[in-house]
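Taking it in order: structure first as structure tokens, then the write-up.
Any read-out appearing in this document is the output of simple, stated calculations on the displayed coordinates, not a laboratory observation. What you are looking at is a predicted structure, and each value in this text was computed from that prediction instead of being measured. Ideal geometry is used to build each Cβ from the backbone, glycine not excepted, and the neighbour counts take in all protein chains shown.
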Amino acid sequence: MRKTKHLFTHLALVIVVSVVAAPVIMAILFSTQTPAQIYSYPPKFTFGTAMLENYASAWNQFHLGKYMLNSFIIAVAVTTGKTILAFTSALALVYFRFPLRSWVFIFILLTLMMPTEIMIVSLFEIVTGLGWGDSYAALIVPFLASATGTFLFRQHFLQIPSSLLDAARIDGAGPIRFAWSILLPMSSNVIAALTVIQFVYMWNQYLWPLIVIHDSSMQVVQVGLRMVFGGQDATNWGIVMAGAIITLMPALVTFMLLQEQFSRGFALSQEK
Amino acid sequence: MQPVFKRHGTAFLLLLPTLVILIFFLYLPTIQTFIMSLYQVGFLGLSKMFVGVENYQIIFTEPEYRDIMVNTLVFVLGSVSLSMALGLAFAVLANEKVTGARYYRLLLIWPYALPPAVAGVIFLFLFSAQVGIINYFLGLIFGITPDWLADPELAMTVVILSTVWKNVGYNVVFYLAALQNLPGDVLEAATIDGATGWQRFWRITFPLLSPMTFFLLIMNTIAAFFDVFAFIDLITKGGPSNGTTVFIYAIYRDGFEYFKSGLAAAQSVFLFLLVVVLTVLKFRLQKKVHYAN
Amino acid sequence: MKRFVVALFAVLIMATPALAEKTKVSFWHAMGGDRITLIKEMCDDFNKAHPDIEVTPEYKGSYRDTLNASILAFKQGKAPNIVHIFEVGSQLAVDAGIFMPFEDTIKPGDDAKLDDFVDGVANYYRIGGKFYSVPFNSSNPVLYYNKTLFKKAGLDPENPPKTFNEVIAASEKLKASGAAPYGITWPLHCWFVEQWMGNQGALLANNENGRAARATDILLDSEPMLKIMTWWKKMYDDKLFVYSGKVEDWDGANNLFISGQAAMLITSTSDITFMQKAAEENHFELGTGFLPVADGSENFGTIVGGASLWMTKGHSDKANDATKDFLLWFTNTANEVRWHKGTGYFPVRKSAVTELEKENWFEKNPAYAAAFKQLMATKPVRSTQGAMLGMFPELRNIVTDAVQSILNGADIKATMKDADARADKALERYNRSVK
């Protein structure tokens, strides 16, 4: 009886998993086909013959390689910067006493309700006013501060048993050494989780780069995908799918390898 | 008692970068958006005319914006309910104690990590009337080949399906965690009492999951307002006949294609207030959850 | 020692031209595909002939993308010298106030030959009697048709349909004979609607299409408009007309025609070179004809489409001079001939036409002739001059929305009345912002 139930469950799971994976599997299959093969009826569910050409086209002709570099640079920059700023802010909020401390915390926390999307028009004005249009600065600086990160580090710090920290204090450690030699090693999990989430988030950005970057050499990969549709000739779906596969790889690989950290960071960031 | 440093200067320096960025790139634009919504701003910002609440009047009374509201509502309701229902179903499945459960879990969740643009492009291809696989199968099995992108309702369906596909993993993660935290004794007692799996689920499990359900409801809704932009921009461009234009797309179009910044700002304010209400709700509910536990 | 000094001096003198600063002119355009290379080659030729000027062309994407990129650049004080703006963006460009009227930059002694511009083109781009921008790539819509399929269907391959009803008749024959699954296709774009209004002699807006004075009323529910929509809908319902489902899908329409799914295609003449190649590769004979006109109406011709080149303000006099010199060179007779042969956009200068005729170009390449003949046959009235409206991008969306609603079954009269109200409101708001 239990065996049948298990079998049924397995079957259901396999079906569901296949349905979920189907779109990407289709994308992979078609990314290797020539236009003639793609347009053939009935469609060919086998690997085609144009894999190298399609992927090479997507990479070179449509500059996905360059766009990926841009995405990578800003993702790394934001992830690093955001983590540092969140860490230092939480450090100040937890381990220092100063007037208006709780107000500062609320000030930071309120920004949780301000996603970039609700202010794109005036953010565009501000950023172009600074002359940052078409630059990495526009894609990096507005995202360096994070209420989520600050909150996470703060919660984490508050949970560290004070006995450990008292010992360090007695040692006579100043705040910087304290942060560096004690807090930092103890926060590696949070840092890993935050890093993964932030990297994927920046990698996947679409609306903001669409608005603020018009110089194609500075464009990010998600918007770059959109450009694969351009031109006089018919859309070559093989190349478009190749582009899609190339573009999703880093995000997917990050997720698969760092799945633990991803889930943790995810869970942490949602339970604010 | 946390060890406490009293050097205000250092604290200030540590907080300064964060505060500067939050002020200039979050608070300032938000305030400016509110102000801008009261003006009609001309092309390139070369002219500015105070119009009071006229922009708000437009978005709440004009037929095109009524349509946009309806579209947004339809999209949010459709994608959120489907995404959560499927998320719950998959989580229940993946919660079964079968071998390889960990791998199944992974294979259910991963589309969430996909960039929306990629998901959008793939679905655009799959639902294409000329080369789409979907129509091939539909034609084969049911003999119908709907013109997905030419009909407003079908196009909305495509947008909803692609959103659900990408986001269901999010709900699976959370429902799984909640399922695994359920008190086992209540369910055992019910089994002993002779309740069927179906009854156990609806009478016990589901009610016990309600805090998580409310939480996910709010998170999914907030995401549904914003994350769908890439899908619409790539698959339907708001069409056909404005049938898939939702607020976030209208904001982009009014602001950057029609150059009507004031109107875009008013819509942004509207969305912002929605987000605030939902976030406050979320905090209230979370407090309740913590006390309940 | 003396010899050394002399040698050093000589080297310095030779190096000076290289050290002399070139006046830089940046040129942002929206011509993609093969045209990117063609434009680059033309600019390289100019740079070689004028060593003190360096023109750098950059392809910025679609017209919309190019406009947005220019706006971004302008906001940061880094606007390019030349911006390529689509024809219906002309009013917006004038209102923006950031462009210099081209005619104002011409000095006596410049061989501008402004009267040399072909009438239809000059008509469009002269605003208030002055050239604000330089006409560059002009096109009009033509009917492409598959002569091979026509023969199969028993239609006269030298006699393409000229009116709406003739299109219906031809399409029915094509379908009935099995030559093609559909009769005709064209992209779902407001441009075609504008053209069909123009060629019926109908105005799109009041105040003489916004040319005599700023327009205050858009005319979307007039009789001529209803004629267009009724015909379109009938052909869609009878499955004589097919489209890819996507709005503004130029590629999709091309594909439907090239793959033989539709035997006729209406699209821009700027694709003629591409179309000829495609016809060869796919083994069919290509024919071209005029844009079909509504029955019962005189054929007034077509509105010039395409785009023009605008000069931005805020640059040094030297830069402006260099820009003007480049623009005059770029659109001179020889280059117009070159551009036409390389793309299919028709030559905007009368002298270029004369040259092409001298070498019997149009006889040897009849496909290129159709658009041109159509331009020559166009009567210079307000309707074919085209409308000047500041909110054209929005208007185009309003119209395509209406078309899609109609194709999906909505009542034509009611939909166009609605669209008209929407357009009028949008126009009113726009006009308010530029008072």
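How big is D for chain C, in µm² s⁻¹ as a whole number, if Stokes-Einstein is applied with the Kirkwood radius of its Cα pairs at 10 °C and 1.306 mPa s? Display every interim value, and only then the final one.
Numbers: Rh = 23.1 Å.
Rounded to a whole number, D works out at 69 µm²/s.
Please give the length that would be gained between C:ALA334 and C:LYS425 if that part of the chain were fully extended, namely 0.36 nm times their separation in residues minus their C-alpha to C-alpha distance (nm, one decimal). Write out the running numbers ahead of the final one.
On the way: separation 91, 0.36 × 91 = 32.76 nm, distance 4.58 nm.
Roughly 28.2 nm would be gained on extension.
Need the list of aspartates and glutamates near C:LYS318 for cross-linking: C-alpha distance under 14 angstrom, and skip anything on the same chain fewer than eight residues off.
C:GLU21, C:ASP52, C:GLU54
Between A:THR49 and B:LYS48, what is the label-to-label distance in nm when each label sits 7 Å out along the Cα-to-Cβ direction?
6.3 nm
Between C:LYS379 and C:ALA49, what is 0.36 nm times their sequence separation minus the Cα-Cα distance? Round to one decimal in nm.
Separation in residues times 0.36 nm, less the Cα-Cα distance, equals 114.9 nm.
To the nearest 10 degrees, how steeply does helix A:101-110 sit against the main Cα axis of chain A, on a 0 to 90 scale?
Between the helix axis and the principal axis of chain A, the angle is about 10 degrees.
Once the other residues with Cβ under 13 Å from the Cβ of C:ALA96 are scored (Lys, Arg +1; Asp, Glu -1), what is the net sum?
On the way: positive: C:LYS75, C:LYS313; negative: C:ASP95.
Combined, the nearby Lys, Arg, Asp and Glu give +1.
Can you list, bin by bin at 10 Å, the percent of alpha carbon pairs in the protein assembly as shown, starting at 0?
P(r) for the protein assembly as shown, in whole percents per bin: 2, 10, 18, 22, 20, 14, 8, 5, 2, 0, 0, 0.
Kindly identify the range B:64-292 as rounded, prolate or oblate by the Cα gyration tensor criterion: order the square roots of the eigenvalues as a ≥ b ≥ c, call it rounded if a/c is under 1.5, otherwise compare a/b with b/c, prolate if a/b is larger, else oblate. Please list the in-between numbers first.
Working: a/c = 2.52, a/b = 1.43, b/c = 1.77.
It is oblate, given that a/c is not under 1.5 and a/b is not larger than b/c.
Under 10 Å from the Cβ of C:MET311, count the other residues' Cβ atoms, weight Lys and Arg +1, Asp and Glu -1, and hand me the total. Don't skip to the answer; put the middle values down first.
Values: positive: C:LYS313, C:LYS324; negative: C:ASP104.
Spelling it out: positives minus negatives among the neighbours equals +1.
Could I have the simple spin-label model distance between C:ILE127 and C:LYS173, label points 7 Å from Cα toward Cβ, reported in nm to one decimal?
Between C:ILE127 and C:LYS173, the label points sit 4.6 nm apart.
Just to confirm a number: summing +1 for Lys and Arg and -1 for Asp and Glu over residues other than C:ASP119 whose beta-carbon lies under 13 angstrom from that of C:ASP119, what do you get?
Working: positive: C:ARG126, C:ARG349, C:LYS350, C:LYS379; negative: C:ASP115, C:ASP116.
Net charge in that neighbourhood comes out at +2.
Simple spin-label model, 7 Å along Cα-to-Cβ: B:VAL186 to B:GLU96 in nm?
Simple spin-label model gives 2.4 nm for this pair.
Which lysines, if any, have their Cα less than 17 Å from the Cα of C:LYS239, not counting same-chain residues under 8 positions apart?
Reachable lysines: C:LYS173, C:LYS175.
Taking C:LYS130 as the anchor, which lysines have their alpha carbon closer than 19 Å to its alpha carbon, excluding any fewer than eight residues away along the same chain?
C:LYS107, C:LYS113, C:LYS313, C:LYS324, C:LYS350
In whole Å, what are the extents of the range C:232-304 along the principal axes defined by its C-alpha atoms, from largest to smallest?
39, 27, 22
Please list the helices of chain C that count as membrane-span-like by this rule: a mean Kyte-Doolittle hydropathy of at least 1.0 together with Cα atoms stretching 24 Å or more along the helix axis, each helix being a complete DSSP H run.
Working: long enough: C:2-19 (25 Å, 1.81); C:412-433 (32 Å, -1.20).
Answer set is C:2-19.
Can you tell me the dipole magnitude for the protein assembly as shown around its Cα centre, using point charges on the Cβ only (Lys, Arg +1; Asp, Glu -1), in Debye to the nearest 20?
Working: 80 positive and 78 negative charges, 656 e Å.
Roughly 3160 debye for the protein assembly as shown.
Could you work out how far the C-alpha centroid of the range B:182-226 sits from that of the range B:274-288, in angstrom?
Between the Cα centre of the range B:182-226 and that of the range B:274-288, the gap is 20 Å.
Suppose the Debye formula is applied to equal point scatterers at every Cα of chain A; what is log10 I(q)/I(0) at q = 0.11 Å⁻¹?
Reported log10 I(q)/I(0), two decimals: -0.81.
Quick one: angle between helix A:64-95 and the longest Cα principal axis of chain A, in degrees between 0 and 90, rounded to 10, please.
Here the helix axis deviates by roughly 20 degrees.
Could you tell me the distance between the Cα centroids of the range C:354-391 and the range A:185-215, to the nearest Å?
53 Å
So for the range C:343-435, what are the equivalent ellipsoid semi-axes in whole Å, largest first, each being the square root of 5 times an eigenvalue of the Cα gyration tensor? Working shown, then result.
Details: eigenvalues 296, 72, 23 Å².
Here the semi-axes work out to 38, 19, 11 Å.
Project the alpha carbons of the range A:1-111 onto their principal axes and report the range along each, largest first, in whole Å.
Principal extents (Cα only, largest first): 72, 58, 19 Å.
Note the angle between two axes, namely the Cα long axis of helix A:259-270 and the longest principal axis of the Cα atoms of chain A, as a number of degrees from 0 to 90, rounded to the nearest 10.
Compared with the principal axis, the helix lies near 60 degrees.
Hey, what number do you get for the protein assembly as shown at 222 nm if only DSSP H runs of n ≥ 4 count, each worth -39500 (n - 2.57), divided across all residues, to the nearest 500? Mind dumping the intermediate values first?
Details: 48 runs with 606 residues, N = 1000.
Using -39500 (n - 2.57) per qualifying helix, the result is -19000 deg cm²/dmol.
Computed from the mean reciprocal separation of all distinct C-alpha pairs, what Kirkwood hydrodynamic radius does the range B:1-68 have, in Å?
After inverting the pairwise mean of 1/r, the radius is 15.8 Å.
Please give the per residue volume of the convex hull enclosing the alpha carbon atoms of the range A:81-212, rounded to a whole number of Å³.
Spread over its residues, the Cα hull of the range A:81-212 gives 126 Å³ apiece.
Suppose R0 equals 35 Å; then what is the FRET efficiency for B:GLU153 and A:ALA22 from their Cβ-Cβ distance, rounded to the nearest 0.05? Mind dumping the intermediate values first?
Details: r = 23 Å, r/R0 = 0.67.
The calculated FRET efficiency here is 0.90.
For chain B, what are the DSSP H helices with axial Cα length of 18 Å or more and mean Kyte-Doolittle hydropathy of at least 0.5? It would help to have the intermediate numbers written out before the result.
Numbers: long enough: B:8-22 (20 Å, 1.97); B:63-95 (47 Å, 1.20); B:152-180 (41 Å, 1.01); B:210-226 (25 Å, 1.64); B:261-292 (46 Å, 1.16).
Qualifying helices, which must be both long enough and hydrophobic enough, are B:8-22, B:63-95, B:152-180, B:210-226, B:261-292.
How about the range C:301-359: which trypsin sites (Lys or Arg not before Pro) there are in a DSSP loop, with at most 16 other Cβ atoms within 10 Å of their Cβ? Intermediate results must be reported in sequence, preceding the final value.
Working: sites: C:LYS313, C:LYS318, C:LYS324, C:ARG338, C:LYS341, C:ARG349, C:LYS350, C:LYS358; in loops: C:LYS313.
Sparse-neighbourhood loop trypsin sites (Lys or Arg not before Pro): C:LYS313.
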